[in-house]
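The values are calculated or read from the model by the stated rules, or taken from the named source; none is laboratory data. If you're wondering where the values come from, they're calculated on a predicted model, not measured in any experiment. Don't worry about glycine lacking a Cβ; one is built from the backbone with ideal geometry, like all the others, and counts go over all protein chains shown. In case anyone asks, the SASA skips ligands and DNA or RNA and just uses the protein heavy atoms, side chains included. Shrake-Rupley method; radii C 1.70, N 1.55, O 1.52, S 1.80 Å.
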Amino acid sequence: MEKKPENRGMIDTWIDKHRSIYSAATRHAFVVSIRDGSVDLSSFRTWLGQDYLFVRGFVPFVASVLIRACKDSGESSDMEVVLGGLASLNDEIEWFKREGSKWDVDFSTVVPQNANQEYRRFLDALMSSEVKYAVIMTAFWAIEAVYQESFAHCLEDGNKTPVGLTGACHRWGNDGFKQYCSSVKNIAERCLENASGEVLVEAEDVLVRVLEHEVAFWEMSRGGQ
């Protein structure tokens, strides 16, 4: 007899449906180049500067997610999960500063490029109180999960990731961050189970848009825009 598949939620269903863009986001050529050791270090420096700016803009977004978790979830554990993510961003910003010094990237001179600005505008729109909690949690999961899957890939067996870049890979590719992403996904899935058809359509659209923004961000790092 065939083994019965495990219960799968809406997010897994959407990932299967949009496998092409999901793979483009989590196995982008920039990520693959880190894993196989062929990465152009100037591209890495570009990514470092742009992502530092993005993370600073990500803080108010996560703060807004925290407020929604407190007001709209009905589950106290949601707040604890999101609060943990928000608290870790302080350490993340300090990490970027150390890496900036190491790679001679002066963040004060870095100007946000197009893909960065558009991604930030997208996050700003998600902070609207009109956006349903299920939708914002789906987006939150996708943003975090792309980095977790991408950088974990650079640590898998057979990698040739340059020693100087392993710190970045461990930052998001570690098991603790994987567990955190799983907790966020569980929140999103719980909310989607009870969502209306209209909210499901919005959440799927937002998931795809996050993936598109992630692809554009990787492309930007390689000089694409």
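The table for this structure:
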{"read-out": "Reachable aspartates and glutamates from Lys97, criterion Cα separation under 18 angstrom, eight or more residues apart if same chain", "value": "Asp51, Asp106"}
{"read-out": "Along the chain, longest interval not containing exposed GluC sites (Glu not before Pro), exposed being DSSP loop plus at most 11 other Cβ atoms within 10 Å", "value": "7-129"}
{"read-out": "GNM top mover of Lys102, Lys132, Lys185 - the chain, alpha-carbon springs below 10 Å", "value": "Lys102"}
{"read-out": "The chain, accessible surface, carbon-and-sulfur percent (1.4 angstrom probe)", "value": "49 percent"}
{"read-out": "Extension gain (nm, one decimal) between Leu89 and Gln179, 0.36 nm per residue minus Cα-Cα", "value": "30.8 nm"}
{"read-out": "Mean residue ellipticity (222 nm) of the chain, computed from DSSP H runs ≥ 4 via -39,500 (n - 2.57), nearest 500", "value": "-25000 deg cm²/dmol"}
{"read-out": "Spatial separation of Cα centroids for region 169-205 and region 1-79, in angstrom", "value": "9 Å"}
{"read-out": "Accessible solvent surface per residue of region 106-146, calculated while the other protein chains remain in place, 1.4 angstrom probe, Å²", "value": "44 Å²"}
